Amino acid sequence: MNIGYLAQLSPDIRTPPYDGPANHIRHVIQEWQNMGHQVHFIGGMEANYWQSSDLNNFLIIKKHQKNVVEKAVRKVQSLTHLPYLNYFESRRFASIVLDNISEMDCLYERTSWMSYGGWMAANKKGVPLILEYNGDPLHDLKSKGLLPAGLQLTISKSLFRYNLEHAKLLIASGQGWKNNLINKWHIPPEKISVVENGTILINLLRREDLTNFQPNKLDSEVKIAYLGSFYPWHGTKIAINAFHELLKQGVKACLIMIGAGSDLEENKRYVDHLGLQDKVIFTGALPPEEYAKILANCEIGLSPYCGWIEYSGLKLFDYKAAGLAIIASGENGQPETIIHNKTGLIIPPCNEKALFEAMKFLAQNREFTSRLGQRARLEAESKHSWKHTAEKIISVINQVVEDKNRSTD
């Protein structure tokens, strides 16, 4: 099958270390290629468009020049502060896709805010468009203080909903995002499939290398890991406070925090203020090959989301692959990938006391902690490889393409 993989607003997938969205794109494409599919990526990165057919060599695509009409419209828009429609950018992206992908059975696009060039290209070419929905961009904008207002917000929401409605199918990366599509964006449930993320750590770590598969660690220091970004909704400060209380209770422990983000420096200053420099380690962003070794030496993984509407982040799958006992924020049946008291503990979001109590319980019940981590790893082996994720997505794509071909016969 020939698949055009699109990301009009793409994370940087060219140079490691890759963030979560970039890892997702790269692993899915690589697994599809391993299956024998032809995949051509086109995405917008650093104000330019790039293409690649192997994820090793990236070629910049020369942008089409702005014509007289576009220049005139932009000037009027600038002078009168008319709402922004992202029309010319989306049309330009559609032209780039059509010019650079000659053969395609479908277009598969990572959804981004007010970006509908993929739909334009699919409509022009007469192929199905499948949208991947990894989170509500409106919620993301609000969390970052970038939420548009007034007429601009109304128009932006209408354009985004139009794009969702006109895709042949949507693939949500978690049940929470499916619920969001149904309840907020009014997408029919039958038009949405759920395919959870995967983790490369299944391939990087052996069971026998994982701390929770090792005996005789009851008197050793408890190693706790946080893996992810440092933004307000990730709850990192809550995690530091809960960890501080754990130490005050006399528990021997250390906290390793892996990742980067706008709140990282503030978190470091806060740790210094609390006098925890010797107990909280910040590594910065690391590639999976490096942070896998760190997670393998830990027992507990934290996912303390606060102010977020979906709790199934990539970190959970990495934690499971590393055999960690997971403490995860959740509510309303989320995160589905964790079974309370079986593969982890689910606590109310933004609840520092609940997080502390869960950490203390696991630190004082090491055998139970090991059992949670072992069950998590075994489940990860059967459900959370990127190969498994890619196979589930491709089965959905196959059905869409077959239905389209039957309708045209």
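The values are calculated or read from the model by the stated rules, or taken from the named source; none is laboratory data. Please read these numbers as outputs of a predicted model, since none were measured by experiment. FYI the Cβ positions are ideal-geometry reconstructions off the backbone, even for glycines, and counts take in every protein chain you see. Please note that ligands, DNA and RNA were not included when accessible areas were found on the heavy atoms of the full protein model with its side chains. Shrake-Rupley method; radii C 1.70, N 1.55, O 1.52, S 1.80 Å.
Quick check on my link table: of K178/K383; K217/K252; K124/K178; K293/K320; K184/K315; K315/K387, which ones sit more than 22 Å apart, alpha carbon to alpha carbon?
Details: K178/K383 19 Å; K217/K252 12 Å; K124/K178 28 Å; K293/K320 14 Å; K184/K315 26 Å; K315/K387 17 Å.
Beyond 22 Å between Cα atoms: K124/K178; K184/K315.
May I have the extent of the alpha carbons of region 312-352 along their three principal axes, as whole Å values ordered from largest to smallest?
Principal axes ranked by extent give 25, 19, 19 Å for the Cα atoms.
Helix-only estimate, please: 222 nm mean residue ellipticity of the chain, summing -39500 (n - 2.57) across DSSP H runs of length 4 or more and dividing by its residues, to the nearest 500. Don't jump to the answer; show the numbers that get you there.
Numbers: 15 runs with 183 residues, N = 409.
My calculation for the chain gives -14000 deg cm²/dmol from helical runs alone.
Taking springs between alpha-carbon atoms closer than 10 angstrom, which of G330, G228, G36 fluctuates most in the Gaussian network model of the chain?
G36
For R91 and K248, FRET efficiency with R0 = 51 Å and r from the beta-carbon atoms, rounded to 0.05? Numbers along the way, then the final one.
Working: r = 59 Å, r/R0 = 1.16.
Working from the Cβ atoms, E equals 0.30.
In the calculated pair distance distribution of the chain, what percentage of Cα-Cα distances lie above 37 Å?
Working: 22475 of 83436 pairs.
The share of Cα pairs beyond 37 Å in the chain comes to 27 percent.
Size of the dipole of region 239-383 about the Cα centre, Lys and Arg at +1 and Asp and Glu at -1 on the beta carbon, nothing else charged, in debye to 20? Present the calculation step by step, with values, prior to reporting the outcome.
On the way: 16 positive and 18 negative charges, 103 e Å.
Rounded to the nearest 20 debye, it is 500 debye.
What Kirkwood hydrodynamic radius, in Å, does region 268-357 give when the mean of 1/r is taken over all pairs of distinct Cα atoms and then inverted?
Numbers: mean 1/r = 0.0703 Å⁻¹.
Evaluated on region 268-357, it is 14.2 Å.
Running Debye on region 318-409 with equal point scatterers at the Cα sites and no solvent, what base-10 log of I(q)/I(0) appears at q = 0.13, 0.25 Å⁻¹?
After summing over all Cα pairs, the log10 values are -0.55, -1.19.
Using the alpha carbons of region 137-258, what is the convex hull volume per residue in cubic angstrom, as a whole number?
Numbers: hull volume 20.1 nm³, N = 122.
Convex hull of Cα atoms, per residue: 165 Å³.
Counting only residues 5 or more places away or on other chains, whose amide H sits under 5 Å from the amide H of G323 once H atoms are built in the peptide plane?
For G323, whose amide H was placed from the backbone, the distant partners under 5 Å are R377.
How about K392: which aspartates and glutamates have a C-alpha closer than 20 Å to its C-alpha, ignoring those fewer than 8 places off in the same chain?
Straight-distance partners of K392: E31, D105, E109, E132, E190, E196, D318, E336, E379, E381, E402, D403.
Tell me the accessible surface of T283 in square angstrom (1.4 angstrom probe, heavy atoms of protein chains only), to the nearest ten.
The accessible area of T283 comes to roughly 50 Å².
Of the candidates A122, A149, A321, which one comes out as most mobile in a Gaussian network treatment of the chain with C-alpha springs shorter than 10 Å?
A149
Rounded to the nearest 5, what % of DSSP beta bridges with both residues in the chain are antiparallel? Provide the component values of the computation, followed by the final result.
On the way: 8 of 51 bridges.
Looking only at bridges with both residues in the chain, the antiparallel portion is about 15 percent.
Name the most mobile residue of E190, E31, E310, meaning the one with the largest mean-square fluctuation, in a Gaussian network model of the chain with Cα contacts below 10 Å.
Top of the fluctuation ranking is E190.
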